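Here's the structure, in structure tokens; my notes come after.
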Amino acid sequence: MKVIKRDGVSVDYDREKIRVAINKANNCVNEEDRVSDRQIENIIKYIEKLNKKRMVVEDIQDIIEEKLMGLSKYALAKEYITYRYNRALVRKANTTDESILSLIKNNNKELAEENSNKSTTLASTQRDYIAGEVSRDLTRRILLPEKISKAHDEGILHFHDADYFIQPIFNCCLINIGDMLDNGTVMNGKMIESPKSFQVACTVTTQIIAAVASNQYGGQSVDLSHLGKYVRKSKQKFLKHVKAKYGKKLSKEEIEDLVMDRLKDEIKAGVQTIQYQINTLMTTNGQSPFVTLFMYLKDDDPYIEENAMIFEEVIRQRDEGIKNEKGVYITPAFPKLIYVLDENNCLKGGKYDYLTKLAVKCSSKRLYPDYISAKKMRENYEGNVFSPMGCRSFLAPYKDENGNYKFEGRFNQGVVSINLPQIGIIAEGNEETFWKIFDERLELCREALMCRHEALLGTLSDTSPIHWQYGAIARLKKGEKIDKYLNSYYSTISLGYIGIYELCVLMKGCSHTEPEGEEFALRVMKYMRKKCDTWKKETGLGFALYGTPAESLCYRFARIDKEKYGTIKDVTDKGYYTNSYHVDVRQKIDAFSKFKFENQFQPISSGGCISYVEIPNMQHNLKAMEEVVKFIYDNIQYAEFNTKSDYCHVCGFNGEIKVNDDLEWVCPNCGNKDKKKMNVTRRTCGYLGENFWNVGKTKEIKSRVTHL
């Protein structure tokens, strides 16, 4: 038998621990109130005769209490309960020592692999993680209701970003960059006026990005189309200067050529400023800013030509890559890029098709940009096209007091995700049981989400002037509360979900790509969406259904359920759950069919959705990728490419990374062994890093590595 401890760790059953615990209580009562060795043995045998493969430690303790009461040993039972309570107090007194010490020693693998743009060896990052451990501890023990903390620990739900919950800060946002550039802003008490050139606008934008990232915990998005007017300002400045100096010596055409040469140089330098600043700046939490750049060529944009020049340079520089410490061009993690497909650039003869072809070439090499179909998005969001926030969650359409749609300057208050497969495991295929448990757990999620909202109520604008006083979100006065931006649907608060595929396997015995599974999956999705809509009407808060792009959570939920419920074929045996509504990676399905199938779930999951396909190295088959991009425009709102090739971030190697005799992943090109600096894509049996490093060097593990 395996015993599941309170921290979720599975250990071998040890009958002597029961005997020791009862004897400790025995020693604290009078002799007539004690139980005999034989009675203790009978209690132990009763537990063992249950023949359970797994038992939670608290269930064992409950049985012991019941048996002591059944023997009329009330004083002893009271002593045992008191002993159990005191042990719980000791556990609660300080739960951070071990995790913090393991972090400082750099052997906390879970934290090390949690975030791709954080290095746990850096002092600045460790400082943020240490603060996060304290926040997580206080959140679990004091700030959250006990049932929410327990639900999080048991994998019923996931209370995201508990490491920042004690602070009055929120998740993701769309920076109101247009207002900040046009009307100026303030940083560190210094006035920054509206830029007079593109180069300065790029510098100011990166300063804003860094300041915003330091005062929230999620990602941010910036609409690059606001920079077009500053390209024109630069052009007018150059034209004025060249005319004054060479007006009588050069023809009109020659002047235009000279101006355009200087303008292109400025655009190149400005974009390079954005790319290098984002990748070299360190925010106060010890990481590069988590930022997305949004590129949308709107036909009615008076600066569309200038924006086309900016987007071209952004894509060109991303395709080139950025040099690492060894001078090798690699793919930077940030900024993430999103490119919008519309009638003018969807590879059907549009004026800006050349930009899309460049984007496809870049995607084949660097995986970015992601693609949004303006056509499909307008269908789903009342005719609007706008960027997702950095966490890939979307805002609901919202109109300001003048009746105008508003997206920039809005944000997400936080996320709580529900573990769908666990409900399926408990329900054992019984729909009546499933819907009953589903309802109970959705209400638990609602209560957890309200905790996020209530934690932000009463926050003063002074907590983050860049957000609340100087334009990123609002322009409130000092000392003013932010509450009006938390209510009336202005911001969102998100219900995430993991494992539609596994849920269908458990409840219907098939994937959601099969008719019976598909019908059930859609019912589940629509039910969650209906719940969010109901909560929204009841509270006036922007509840939204969000397809959580949280890969680490897919592994956390699966790990907890495997420890608790054992190995279940095609569910817990993989080591991961499938993200949101996605088709499981092991299913054989072509890119077109996958996008077409997953499209039906995106309008339901309007608070956040993304679909992706894995591709081999496509640099020599761009026509095939162009066909996929054309298909995206007509068939799915939001899509991205992943690669089936391994990738080394140290040297830029793109091929197959193998395991050596010492069970280390090693780049065959440069010898890099740091797993954080490489992408290894083979996940056939769901066997990944955390398990890999902990199990040790055994023949069994070597065979599993070979299988990988």
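Some points to look at:
- Tensor-based shape of the range 191-257 (alpha-carbon gyration tensor, a/c under 1.5 rounded, otherwise prolate or oblate): prolate
- Accessible area per residue for the chain, computed on protein heavy atoms with a 1.4 Å probe, is 45 Å².
- Distant-in-sequence amide contacts of Gly414, defined by a placed amide H-H separation under 5 Å and a gap of 5 or more residues or a different chain, comprise Asn171, Ser494.
- Kirkwood hydrodynamic radius of the chain, Cα pairs, Å: 27.9 Å
- Straight-distance crosslink candidates among lysines, where the alpha carbon sits under 21 Å from Lys537 and sequence neighbours closer than 8 are dropped: Lys399, Lys406, Lys484, Lys526
- Over 25 Å between alpha carbons, listed pairs Lys17/Lys45; Lys323/Lys594; Lys147/Lys562; Lys508/Lys569: Lys323/Lys594
- Computed over the range 254-402: relative contact order in percent, which uses C-alpha pairs under 8 Å that are six or more apart: 20 percent
- Taking every C-alpha pair closer than 8 Å and separated by at least 6 residues, the mean separation divided by the residue count of the range 187-251 gives a relative contact order of 39 percent.
- The Stokes-Einstein estimate for the range 306-348, based on a Kirkwood radius over Cα pairs and taken at 4 °C with 1.567 mPa s viscosity, is a diffusion coefficient of 107 µm²/s.
- Karplus-derived HN-Hα couplings along the range 213-220 (A = 6.51, B = -1.76, C = 1.60, θ = phi - 60°), whole Hz, x at Gly and Pro: 4, 6, 10, 8, 9, x, x, 9
- In this structure the amide hydrogen of Asp573, modeled in the peptide plane, comes within under 5 Å of the amide hydrogens of Ile568, none closer than 5 places in sequence on its chain.
- Note on the chain: antiparallel DSSP beta bridges, both residues inside, total approximately 45 percent of the bridges counted.
- Among the listed pairs Lys24/Lys73; Lys196/Lys237; Lys357/Lys596, those whose Cα-Cα separation exceeds 18 Å are Lys357/Lys596.
- Within the straight-line cut-off of under 18 Å between alpha carbons, the aspartates and glutamates reachable from Lys326 are Asp674, sequence neighbours fewer than 8 places apart in one chain being disregarded.
- Relative contact order (percent, whole number), the chain, Cα cutoff 8 Å, 6+ residue spacing: 12 percent
- Span from the the range 468-546 Cα centroid across to the the range 13-59 one, whole angstrom: 46 Å
- Residue by residue, the range 141-156 carries 3J(HN,Hα) couplings of 8, 10, 7, 8, x, 4, 5, 6, 4, 5, 4, 5, 5, 8, x, 5 Hz when phi is fed to the Karplus relation 6.51 cos²θ - 1.76 cosθ + 1.60 (θ = phi - 60°); x denotes Gly or Pro.
- Counting only aspartates and glutamates at least 8 places from Lys365 when in the same chain, those with an alpha carbon closer than 14 Å to its own are Asp319, Glu320, Glu614, Glu626, Glu640, Asp646.
- Listed values for the range 574-589 are Karplus-derived 3J(HN,Hα) couplings in whole Hz (6.51 cos²θ - 1.76 cosθ + 1.60, θ = phi - 60°), namely 7, x, 8, 9, 6, 5, 6, 9, 5, 6, 4, 4, 7, 6, 7, 8, and x replaces Gly and Pro.
- Over the range 477-521, the alpha carbon radius of gyration divided by the compact-protein estimate 2.2 N^0.38 Å works out to 2.14.
- Nonpolar atom fraction for the chain, defined as the carbon and sulfur part of the 1.4 Å probe accessible area, stands at 49 percent.
- Charged-residue dipole, Cβ positions (Lys, Arg, Asp, Glu), the range 442-561 about Cα centre, Debye nearest 20: 540 debye
- Global geometry of the range 515-663, whether rounded, prolate or oblate, following the gyration tensor of its Cα atoms and the 1.5 cut on a/c: oblate
- Acute angle (nearest 10 degrees) that the helix 353-366 long axis makes with the longest principal axis of the chain, alpha-carbon atoms: 40 degrees
- Anisotropy class of the range 202-353 from Cα gyration tensor, a/c 1.5 cut: prolate
- Relative to the longest principal axis of the Cα atoms of the chain, the long axis of helix 228-246 makes an angle of roughly 30 degrees.
- Between 0 and 90°, nearest 10: helix 515-539 axis offset from the chain longest Cα axis: 80 degrees
The values are calculated or read from the model by the stated rules, or taken from the named source; none is laboratory data. Small disclaimer: the values here were computed from a predicted structure and weren't measured. So basically every Cβ, Gly included, is an ideal-geometry build from the backbone, and we count neighbours across all protein chains shown. To get the accessible areas, we keep the full protein, side chains included, count just its heavy atoms, and leave off ligands, DNA and RNA. Shrake-Rupley method; radii C 1.70, N 1.55, O 1.52, S 1.80 Å.
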